[in-house]
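Heads up: the structure comes next, in structure tokens.
Computed from the coordinates by the stated procedures, all read-outs in this text should not be read as laboratory data. Because the structure is a prediction, the values reported are computed rather than measured. Cβ placement follows ideal geometry from the backbone for every residue including glycine, while neighbour counts extend to all protein chains displayed.
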Amino acid sequence: MTTDLYNKEYEKVGTVDLPEYVFGMKWIPKLVHQVILAQQANRRAPVAHSKDRHDVRGGGKKPYAQKHTGRSRQGSIRSPLWSGGGATFGPRNERDFSQKVNKKMKRQALYSLLSEKQRKGDIFVIDSLELKEAKTREIIPVISAFLKKKGSLVIIPSQQNTTVSRAARNIPKTLVLKITGLNPYDCAAHQYIMFEKEAIEEFEKSKK
């Protein structure tokens, strides 16, 4: 399959071949949803952490005698039954949220998502993204030419292109990824995807 090839001024300069198995796949929303949820879970850090009765400071001495006080039996003032005591069944930072997803599922979800975006016209292929300097002022006109309206963008430069990532890192709603870092979550989180022509060829060779 082919698609239009543009220059930095958003002028059509030809066409480029796209691998059919990547950009011509059917839409599988359930698979994409499953993989994205797993990716989010794998990024999740167990931040919430409560202290149980063994972590709370103090409480080493028995508060009062076992018998003859008329009160209930207590062994520590740091029991969950006491104010200031440890929490019962609270969140712990040992919890593992990760989910296993095999490589074939990840690949199919990415291909399905890229194919859907291609059908919607949300994928651009540019002949070259080489910049004179790694400055924001160099990449802003390119992004503005392609995005007539406000929207988020993922830029996929070639492996040899090192200027784009530095030039675009301060631009809101813009993310620069290498071919090896292309993933379903970031593709779904941004409306548009811009490929450099060489990146398409690298993507096909790598068979990500």
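List of remarks:
- Looking at LYS197, LYS173, just one residue is closer than 15 Å to SER128 by Cα, touching a strand residue (DSSP E or B) at 6+ places or on another chain (Cβ under 9 Å) and surrounded by fewer than 19 Cβ atoms within 10 Å (Cβ to Cβ), and that residue is LYS197.
- Evaluation of THR15 against the conditions (1) of a type in the set (Ser, Thr, Tyr); (2) out of contact with any strand residue (DSSP E or B) (no Cβ under 7 Å at 6 or more places or on another chain); (3) not in a loop (DSSP other than H, G, I, E, B) shows that the sole unmet condition is (2).
- Residue pairs meeting the criteria (Cβ under 8 Å; at least 6 apart or on separate chains; first free of Cβ contacts under 8 Å to residues at least 40 places away in the same chain, in the stretch 11-22; second aromatic (Phe, Trp, Tyr) and not in a loop (DSSP other than H, G, I, E, B)): LYS12/TYR6
- The residues in the stretch 128-144 that are in contact (Cβ under 8 Å) with a residue 60 or more places away in the chain and surrounded by fewer than 16 Cβ atoms within 10 Å (Cβ to Cβ) can be counted, and the count is 2.
- So LYS62, is it of a type in the set (D, E, K, R), within 26 Å of GLU196 (Cα to Cα) and more than 21 Å from the chain's Cα centre (by Cα): no
- Among residues of the stretch 56-73 that are of a type in the set (A, V, I, L, M), those with a Cβ under 7 angstrom from a residue that is surrounded by 11 or more Cβ atoms within 10 Å (Cβ to Cβ) and assigned to a loop (DSSP other than H, G, I, E, B), sequence gap 6+ or separate chain, pair up as VAL56/ARG78; VAL56/GLY85; VAL56/GLY86.
- Residues in the stretch 18-43 that are surrounded by 13 or more Cβ atoms within 10 Å (Cβ to Cβ) and not in a helix (DSSP H, G or I): LEU18, PRO19, GLY24, MET25, ILE28.
- Breaking point among (1) within 20 Å of ALA188 (Cβ to Cβ); (2) touching a residue at least 12 places away in the same chain (Cβ under 8 Å), for LYS30: (2)
- Contact map, the stretch 164-192: first residue among the hydroxyl-bearing types (Ser, Thr, Tyr), second residue surrounded by 21 or more Cβ atoms within 10 Å (Cβ to Cβ) and in a loop (DSSP other than H, G, I, E, B), Cβ cut-off under 9 Å, separation 6 or more or different chains; pairs are SER165/PRO157.
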